[in-house]
Every structure is written in C-alpha cells, then in structure tokens.
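Single-structure report; data block below.
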Amino acid sequence: MTVSQVFSRIPTHFNRVVLPLLNNPLTEGMATIKQEESTYQPSAFVSAISLNRAIEGSQVDIIQILDDTLAPQLLRLGIMPGVHLHIIRKTPGGGPIVIQIEDNPQSELAIGQDYARQIQVQQVQAVADSSP
Amino acid sequence: MKPSSQSTYLAPKSAQNAAQPEASKPLRIVLAGNPNVGKSVVFHALSGVYANVSNFPGTTVETAKADINLGEGKTAYLEDSPGIYGLAGLTDEEKVAEAAILEADLVINVIAAPTIERDLFLTQQLLDYGLQVIVAVNQMDELATSGRTLDLARLENHLGVPVVGMSAQKGEGLDALRHRLMDAKRGHPMAEAPPADILRALEKQPIEQLKLFGLRRQFINRLVKTVIQRPASPSATTQSSSVSRRLGHWLLHPVIGAMATIIVLLALYQIVGVWVAGDLVNLIEGKLMLELVVPAIQQGLGLFLPKSGVLFQLLAGEFGVLTMSLQYIVGVLFPLVLGFYIYLSILEDCGYLPRLAVLSDGLLSKVGLNGRAIIPMILGLGCVTMATVSTRMLASSRERTIAAALLAITIPCSAQLGVIMGLMAVAGGLWGWAIYLGLLLVLFGLIGSVLNRILPGRSTALMMDLPPLRWPNLKNVSQKTWIRTKGFVFEAAPLFVLGSLIVSILQVTGGLTLLQQLLSPLVVGLLKLPAEAAQVFVMGMVRRDFGVAGLFFLASKLSAVQVLTSLVTITLFVPCLASATVLWKERGRLESSVILVASWLAAFLVGGVVAHTAFWLHL
C-alpha cells in the first residue's frame, strides 16, 4: 500500500463531522444536505503536508484539521477541509503563515506556527507569485 | 402595548418587531461583529461617545457604554462589545462579548462587506439563537474597489432581518441604520436548525459544536454565492486596491519588511526623540517653565509663605508639588506622550501594526508571547503605565503576566528615553547606545524565556486578520491621540503629583538622606558610582525619568562608564510609581511584588556587571 493510498483511507475531518449528522436524531432532516453538495471530494492521490511546510506563493487545498479545539475556530473563519488557500507569505524563524482564502480575495489571515502545524493540506499548484 | 403613532420611523412596524422594553427597563442594544469591522465607528455615530476606533483587530478590551436617544423621549442603552468570530466562549474576550450579546434586547450586527464570507457566520449564529437583529454591512466602498458587488436586498430576504449598507468612515449609511434600528427582528435560522434553546445547549458540547459549526459554515457559503457578484475578469480590480495589497505583501517580506521596520523606528527616533524630546522640550521646559512659570509660582507663593518654611518646600521647593510636577508633566511628559501617540495613531490607522505583529511573531513566540504582544511593547515605549493596561488584549493570563513583567523591567518609556538621549552623548555615543540596547534585548529574551518555561500552561499562537493598508484618516488619528493622551493625563498625572509629594516629604524630613545612606553600599561598592548617585535611584523609584534627570546634574562628575552604568540600572530599576500601581491593579499583589523584586535584582545585577566588566577592561 502506498503512502497516498493510506492517506485516502483515513476518513477526513469533513467526513467525520458532516456524515454522522445524517443519522443524528437531534438534527434529523438535515439529510437534505447531500453529500454531492459538499465542496470537498477526496482525490485518489492525496499527499498531505502540514500548512507550515507549504511553499510560499503556491496554492493548497485543506484536507484535514488535526486539532479538535482548533477546528471550530477555523470553521468560523471559513477555513475547513476542501477550502482552497493561497500561501502569500511564510515568515522565517518560526513566524506565521499568511494566507488568503480563495473565495474571499479581500481577507488575509496570519496563522501562527502552532496552529499551522495542525492544518493538513495538499499542494495543488506551485506557482511563484509576482510579489517578492 | 401598541404604539398609537405608527407614522414615526422609530416606532416598531409590527408586533414581532423589536422587543418592547418594560416601562422601567430601557431597551438594551448591543453592537456585535467580527474584529476590525467598524463597530466602534457605529457606536460613535449612534451615541456621540467616542470608542477606540482602530485598524488593528481586537482593540476594544473594555466595552464602551452609553445612553442614546431614540426620539420621542425614548432612550436606550447602547453597548459596544469586543470583536468575535462567533459565539463559542473560546477566549476571555469572547466570553465578555458573548455575555453582553446574549442579554441584549436588540443586536446591531456590524459586518464588513469585503470579508462577508467570514462575517456572516456570526450573523447566522445570532439568527439561529433567536436574537432580535439588524445587520449593518460596513465598508461597502472597500468592497467596490475589488470589483465585487453585494445584493443587499437579496441578503435581507435570505436573512429575514433588516440589512443596511454603510461606509462608516465616510459617514454614509448611518442615517439609514438609525432609521431602521427599531425594525430589528428575529430572522431565519439556518435550514433544519433545531430550536434556539436546544441549539444553544448543543453548541456548548465540543462534538455537537463542531458539527453545527460545519453545517452553518456550509449554509453561509451557499448563501454568499447567491448575494455576491464576482467581477467578470480579475482585471476589474481597481488600481489602488491592488497597489495596497502589493504593498501589504512587501511589508511582510522578511528582508524588506525588516528594513521598513527599521525605517519606521528611525523616523520615530527622529520625530519623538530628537525633535520633540530635544527641541520642543527644551523650548517648553527650558524656556517657558524654568525661566517663566516656575519662578513666577515661587515668587507668588513667597508673598504668602516664608521661603524657608516646610509648606513652601512641599509646594514650590526643589521637588515641589506645584513646581516640579508641573514642570515635568507640562514641560516634558505631555509633549513626549502627545508626540509619541500621534505617531503611533498614524501607524495604527494605516494598518501597519498588524504587519509588524506578523514580522515579530517568530521572535515573540520564543518568549511565550505571540505577535499581538508587539502592541503593548510599542505602547510601552510611550508610557509603560498605559501599556500595562493594554496587556488585557492578550489571549491568556499567562501571556498577560509575561508581557507585564517585560514591560515593567525592560522597556524604557518615552520620558526616560528623552533624557537618556541627552546623556548618551556623555556615555560613549553610538557605542553607548549599542551596549545599552543590547543589554535590554538580552534581558528581554532572558526574562521572557524563563517565564515561558516556569509558568504553567501554553501560550496561544497567532491568528490575526490583516486589514488592507489605507491612508490614515485625520479624524481617526486626532481622536485616537486625544483619547490616549487624555487617559495619560487623567490616570498617570495624579500619581506623578503624588510621587513628587512623597519625595518632597522625604526631603523635608531627612528621609531622603537616610535612604541614600542605606543604598550607598550598593551604589558605591557594586556599581562603582559616587555616593550622591544614590539620590538618583531613590528618585527613580518615584519616577524613572526623575532619576535619569537627576543624573544630568551629576553627569559632569561621572565617567562615561559610570553614566552608562547608571542609565542601565535606572532603566531596569523599579517602574515608576504610576506603572507600579497599575501593575498591582492588573496582575494582583503576588505577581506584582515578584515583578518589582525581580526588577531590583535585574537592575543591580546588570548594573554591577557593566561596572565590573568595564573595571577589568580598564575602561
């Protein structure tokens, strides 16, 4: 079994969160949220790295958020599995990663190393930006 | 009760509209929204009371409150709240905001149009919780610069509550908000949400919370797609917006950003250090105060009191309440603090400070803080007393302790720096500065890392929005400067007066000489200074710059090394009386005592090391 196969078998956070809702008696009826509607479709060749190791100027897809107390905080900001991020700047010496959420071009966010380590992403495009 | 006059715009239009307060209780209106969306501007517009408006996320630490007039003799109670991304009680700040919001009769939810995807999460949560809401969409002008358009009518339809577009900085849309304020009502909860009270309880449990947050996020993302129109091509983005973005990215570059920071600090040195502390203070203190005002007070008082009497000494003597404190507060501190705050307010309003927070995060995380803590540290260069109050904006008690200790011990304030700049010429010029700043930095790192090791718990990492860069707004800058300077004058100045009173009493009773004798073994033996220098340290306990100023008179008798030793010791030595009092209030008896003792130890140890190293090197 290759590494990517192993990763694709790990249920993503998104699946852990949303799928159980469909059989939760308290939230019954939510089944209207169909799985096809979910923005995230796990690819067959997922290779996960943590956000702090993504390349500056590249773009990534979020796969999973490892810390369960961080996940709700990030959800409020619109950061969750399936979301596409631009890595704007990585500051050296343990500094934060500055990202921009794809659908929200006017919002930039600095994420400290400790948090960035908990965010698993998949590199989708390694294009150098025109910025320095 | 049914309003008879439906004609007035403030009267509720239907029974399900804004809650009618009981006759005895005024309507309680709370402003809620994400950090840095403009809640404080709205607060100001509705109440006429100024709340701290800034371009730095998380500046509302104490909530502003005011009574507002709704017309027809009706009044309401309006409350600002700290910016939050949602109701989850994850930090102290959030708990404060949450408590205020959940008790509100009516919530004005301020959201920023450019970050609507993020901001609507809180909006939806307010609706899901069954609160009476009106939504104010701010920064419509900034949204326009990105070429995106927002369909407000459709958004209103979806949410089921009044939605008002605004550009609060320009004053647009505030009248509309005032007109529709009382139309606030319960809106549409997200699809399939359980009843409000069940939902509130469920969102207290971690796993359910995650599920419901996930659902809400999806719901919002779908909603946003129907109300936001993206530009056909990316080139539709206007020039100014992309230049500002580009510049913002350059400022985050490790090398270019660091160079920009150095330029910003050098400009601060030139403006506040050289022009204000040098030229302006010389003019006001040297000419106006010492040559005109102080002699006038002494002569005037001399008409009523004998000049050799105790009362005269207390009021108008060398350390007199009327003379010395007036001379220092008006002549030295006021121009320094004012100059510093103008400069800082400009930096803050143009959005530079969050970039600085990002750049310094790596270093600050090594001492158990995160980039946010750069704000109290920089404020400390102005006045440590005011900066200690601002440590409240840090997320955990652990971080507040570390920041308060670092401020009390290692950060010199503008008043001190002003005098130190004058003395550095005597103490070796550039070399003196290098040694002085080097020692402070080493100690900053040392104290920070030790505290980071021994304090229990973990510090939080940085998670901060970077607002777009913009030209500073003259009104914002002047109001912010005014608020801060006023705070300084009202909170710190009375303590300075008290300080000079204590020194006067000590001088009159002979206590000053006694203290000097007690301290002299330390001063002469350890620091290798003349015995008179002890007086400088005693005065330093009252006000750090009193101490440094005292050195001026001694400087002619001292060698360069001795001046440098004294400057280092005085800087590290006990913070001034005003900041010690605030430290006590903010951090409690035990913590503040430990910090004060540590600063004594640090001062004499480091001072001793400087003196003895120089001695061995035969300097």
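The values are calculated or read from the model by the stated rules, or taken from the named source; none is laboratory data. Everything numeric here is computed off the predicted structure, so don't read it as measured data. Note: ideal-geometry Cβ built from the backbone for every residue, glycine included; neighbour counts use all protein chains shown. SASA here: full protein model, heavy atoms, side chains in, ligands and nucleic acids out. Shrake-Rupley method; radii C 1.70, N 1.55, O 1.52, S 1.80 Å.
Quick notes
- Which listed residue, of B:185, B:204, is modelled with pLDDT under 90 and open to solvent by 50 Å² or more (accessible area, probe 1.4 Å): B:204
- Lone unmet requirement of (1) within 23 Å of residue B:215 (Cα to Cα); (2) in contact with a Pro (Cβ under 7 Å, 6 or more places away or on another chain); (3) outside any loop (DSSP other than H, G, I, E, B); (4) without any contact (Cβ under 8 Å) to a residue 40 or more places away in the chain for residue A:68: (3)
- Residue list for region B:158-172, filter: assigned to a strand (DSSP E or B) and out of contact with any helix residue (DSSP H, G or I) (no Cβ under 6 Å at 6 or more places or on another chain): B:172
- Single residue of B:347, B:379, B:353 found to be under 20 Å from residue B:271 (Cβ atoms), of a type outside the set (D, E, K, R) and under 11 Å from the mean Cα position of the chain (by Cα): B:379
Rundown of residues vs (1) among the aromatic types (Phe, Trp, Tyr); (2) in contact with a strand residue (DSSP E or B) (Cβ under 8 Å, 6 or more places away or on another chain); (3) buried (at least 19 other Cβ atoms within 10 Å of the Cβ), yes/no style:
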residue: B:222; (1), (2), (3): no, no, no
residue: B:227; (1), (2), (3): no, yes, yes
residue: B:254; (1), (2), (3): no, no, no
residue: B:258; (1), (2), (3): no, no, no
residue: B:273; (1), (2), (3): no, no, yes
residue: B:289; (1), (2), (3): no, no, yes
residue: B:294; (1), (2), (3): no, no, yes
residue: B:302; (1), (2), (3): no, no, no
residue: B:320; (1), (2), (3): no, no, yes
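- Scanning region A:101-124 for residues that are more than 9 Å from chain B (Cβ to nearest Cβ) and under 30 Å from residue B:141 (Cβ atoms) returns a single hit, A:102.
- Looking only at residues of region B:426-441 that are under 25 Å from the mean Cα position of the chain (by Cα) and surrounded by fewer than 17 Cβ atoms within 10 Å (Cβ to Cβ), we find that the one that is modelled with the lowest pLDDT is B:437.
- Taking the listed residues A:82, A:93, the one that is small (Gly, Ala, Ser) and under 20 Å from residue B:357 (Cβ atoms) is A:93, with no other qualifying.
- Residue in region B:220-231 that is within 14 Å of another protein chain (Cβ to nearest Cβ), over 35 Å from the mean Cα position of the chain (by Cα) and without any contact (Cβ under 8 Å) to a residue 40 or more places away in the chain present: yes
- Of the helices (runs of 4 or more DSSP H) lying entirely inside region B:307-371, the ones with 3 or more residues being under 30 Å from residue B:446 (Cα atoms) are found at B:334-349, B:352-364.
- Residue within region A:52-63 that is closer than 27 Å to residue B:140 by Cβ and more than 7 Å from chain B (Cβ to nearest Cβ) present: no
- Count - residues of region B:346-360 that are in contact (Cβ under 8 Å) with a residue 24 or more places away in the chain and either open to solvent by 10 Å² or more (accessible area, probe 1.4 Å) or at the interface with chain A (Cβ under 8 Å from one of its Cβ atoms) (or both): 9
- Selection status of residue B:381, closer than 30 Å to residue B:286 by Cα and aliphatic (A, V, I, L, M): yes
- Filtering region B:106-157 to residues that are surrounded by fewer than 24 Cβ atoms within 10 Å (Cβ to Cβ), assigned to a loop (DSSP other than H, G, I, E, B) and within 14 Å of another protein chain (Cβ to nearest Cβ) leaves B:146, B:147, B:148.
- Sole residue being closer than 30 Å to residue B:558 by Cβ and not acidic (Asp, Glu), chosen from B:525, B:487: B:525
- For region B:462-486, taking the residues that are within 14 Å of chain A (Cβ to nearest Cβ) and touching a residue at least 24 places away in the same chain (Cβ under 8 Å), the one that is farthest from residue B:41 (Cα to Cα) is identified as B:462.
- Flag for residue B:506 being surrounded by fewer than 17 Cβ atoms within 10 Å (Cβ to Cβ), of a type in the set (A, V, I, L, M, F, W, C), more than 30 Å from residue A:87 (Cβ to Cβ) and free of Cβ contacts under 8 Å to residues at least 60 places away in the same chain: no
- Check on residue B:210, aliphatic (A, V, I, L, M), buried (at least 24 other Cβ atoms within 10 Å of the Cβ) and within 14 Å of chain A (Cβ to nearest Cβ): no
- Residue list for region B:465-503, filter: hydrophobic (A, V, I, L, M, F, W, C) and open to solvent by less than 20 Å² (accessible area, probe 1.4 Å): B:466, B:477, B:488, B:492, B:493, B:496, B:503
- All conditions in (1) open to solvent by less than 10 Å² (accessible area, probe 1.4 Å); (2) within 14 Å of chain A (Cβ to nearest Cβ) hold for residue B:388, with the sole exception of (2).
- Qualifying positions in region B:566-619 - open to solvent by 40 Å² or more (accessible area, probe 1.4 Å), of a type outside the set (A, V, I, L, M) and assigned to a helix (DSSP H, G or I): B:581, B:584, B:585, B:586, B:589, B:591, B:593, B:600, B:612, B:613, B:615, B:616
- Enumeration of residues in region B:332-345 that are open to solvent by less than 20 Å² (accessible area, probe 1.4 Å) and either at pLDDT 80 or above or over 22 Å from residue B:498 (Cα atoms) (or both): B:335, B:336, B:337, B:339, B:340, B:341, B:344, B:345
- Flag for residue A:81 being modelled with pLDDT under 90 and under 12 Å from the mean Cα position of the chain (by Cα): no
- Verdict on residue A:94 being in contact with a Gly (Cβ under 6 Å, 6 or more places away or on another chain), under 29 Å from residue B:88 (Cα atoms) and modelled with pLDDT under 90: yes
- Residue match in region B:1-8 (condition: touching a strand residue (DSSP E or B) at 6+ places or on another chain (Cβ under 9 Å) and at pLDDT below 60): yes
- Counting only residues that are in contact (Cβ under 8 Å) with a residue 40 or more places away in the chain and crowded, with 22+ Cβ neighbours inside 10 Å, region B:368-384 holds 9 of them.
- If the condition is being in a loop (DSSP other than H, G, I, E, B) and open to solvent by less than 40 Å² (accessible area, probe 1.4 Å), then region B:448-464 contributes B:459, B:461, B:462.
- Residues of region B:85-99 satisfying the condition of being at the interface with chain A (Cβ under 9 Å from one of its Cβ atoms) and in contact (Cβ under 8 Å) with a residue 24 or more places away in the chain: B:85, B:86, B:88
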